[in-house]
1. Which ones in segment 54-71 are in contact with an Asp or Glu (Cβ under 8 Å, 6 or more places away or on another chain) and either surrounded by 20 or more Cβ atoms within 10 Å (Cβ to Cβ) or free of Cβ contacts under 8 Å to residues at least 24 places away in the same chain (or both)?
2. Could you identify the single residue in Leu160, Leu117, Leu153, Leu111 that is within 16 Å of Leu27 (Cβ to Cβ) and surrounded by fewer than 16 Cβ atoms within 10 Å (Cβ to Cβ)?
3. Filter segment 163-172 down to residues that are surrounded by fewer than 17 Cβ atoms within 10 Å (Cβ to Cβ) and either at pLDDT 90 or above or within 12 Å of the chain's Cα centre (by Cα) (or both), then give me how many there are.
4. How many residues does segment 98-118 contain that are under 17 Å from the mean Cα position of the chain (by Cα) and under 15 Å from Gly60 (Cβ atoms)?
5. Checking Thr22 against (1) closer than 30 Å to Leu152 by Cα; (2) surrounded by fewer than 19 Cβ atoms within 10 Å (Cβ to Cβ); (3) in contact (Cβ under 8 Å) with a residue 12 or more places away in the chain: exactly one of these is not met. Which one?
6. Please return the ranges of strands (runs of 3 or more DSSP E) entirely within segment 44-114 where 1 or more residues are in contact with a Ser or Thr (Cβ under 7 Å, 6 or more places away or on another chain) and more than 24 Å from Met1 (Cβ to Cβ).
7. Is there any pair linking a residue in segment 91-118 that is assigned by TED's automatic domain parsing to the domain that holds Leu78 and closer than 19 Å to Trp53 by Cβ to one that is of a type outside the set (S, T, N, Q) and surrounded by fewer than 14 Cβ atoms within 10 Å (Cβ to Cβ), with Cβ under 6 Å and at least six apart or on different chains, and which?
8. Tyr44: hydroxyl-bearing (Ser, Thr, Tyr) and either surrounded by 19 or more Cβ atoms within 10 Å (Cβ to Cβ) or farther than 29 Å from Lys155 by Cβ (or both), yes or no?
Amino acid sequence: MAKILLVEDDLGLQRMVRDWLTFEHHLVETADNGRDGMDKLQFYEYDLVILDWELPSMTGIEICKAFRTQGGTTPVLLLTGKGTISDKESGFEAGADDYLTKPFHLKELSLRLRSLLRRSSAALQGDTLKFRDLELEPSNHCVMRQGKDLQLLPKEFALLEFFMRHPNQVFSAEALLSRVWTSENETSVDAVSTCIKRLRKKVDIEGQLSVIKTVHGVGYKLEPE
């Protein structure tokens, strides 16, 4: 699962791409104008950004340039109807990592995103994740512990996947909100606490310490054996 920002003012195309990427188990946040897209990039973290070139208030090229100038390293894919070599050169010079000309096939979009995610070393489309006796398969949304299939809700799955991709690291509730929840959600620290409680009930084994440790005053982490 990747957390993706999609900035596209064509609402029909935006919905189509969002639904497609959500079906592929990604967490997709949207904006329909350049200024809102730039604001989200400044306040939230993403694994990948998809920018339309022509946007109201601020173009995709302007967003990309500003983001790179501020030190942003997240992979950026530009969507545009412009297809000349000079147009592509402008996009890459602005800091884009890849370029997809409209109209495009959704499967091609998926292939390009997977390539960008691999190159970013996030390995978000990787093989089975393992931690202790937990196994998580991102591609088919499957989680098992000691051979038992665990039925997790989408947010629980996303939270566990994030923890398993960052083993032995402590994350505050605020950091988890930024990485696992979208800004469109009505979220709070209590939402993180509630989700972790539900996840523990499904993942933990009775009589054993929880796999998710609370580090008091700091946050949460996966607890090694």
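1. Leu55, Gly60, listed by residue number.
2. Working: Leu160 fails: surrounded by fewer than 16 Cβ atoms within 10 Å (Cβ to Cβ); Leu117 fails: surrounded by fewer than 16 Cβ atoms within 10 Å (Cβ to Cβ); Leu111 fails: within 16 Å of Leu27 (Cβ to Cβ).
It is Leu153.
3. Keep residues of segment 163-172 that are surrounded by fewer than 17 Cβ atoms within 10 Å (Cβ to Cβ), which gives 166-170, 172.
Applying the additional criterion that residues be either at pLDDT 90 or above or within 12 Å of the chain's Cα centre (by Cα) (or both) yields 170, 172.
Counting residues in segment 163-172 that are surrounded by fewer than 17 Cβ atoms within 10 Å (Cβ to Cβ) and either at pLDDT 90 or above or within 12 Å of the chain's Cα centre (by Cα) (or both) gives 2.
4. The first filter runs over segment 98-118 and keeps only residues under 17 Å from the mean Cα position of the chain (by Cα), leaving 109-118.
Okay, now just the ones that are also under 15 Å from Gly60 (Cβ atoms), so none.
Within segment 98-118, residues that are under 17 Å from the mean Cα position of the chain (by Cα) and under 15 Å from Gly60 (Cβ atoms) number 0.
5. (3)
6. Once the strands (runs of 3 or more DSSP E) in segment 44-114 are filtered for at least 1 residues that are in contact with a Ser or Thr (Cβ under 7 Å, 6 or more places away or on another chain) and more than 24 Å from Met1 (Cβ to Cβ), what remains is 76-80, 98-101.
7. Listed by first residue and then by second, the contacts come to Thr101/Gly83; Lys102/Gly81.
8. The answer is no for Tyr44.
The values are calculated or read from the model by the stated rules, or taken from the named source; none is laboratory data. In this text, all values refer to a predicted model and were calculated from it rather than measured experimentally. In this analysis, Cβ positions are derived from the backbone assuming ideal geometry, glycine residues included, and neighbour counts consider all displayed protein chains.
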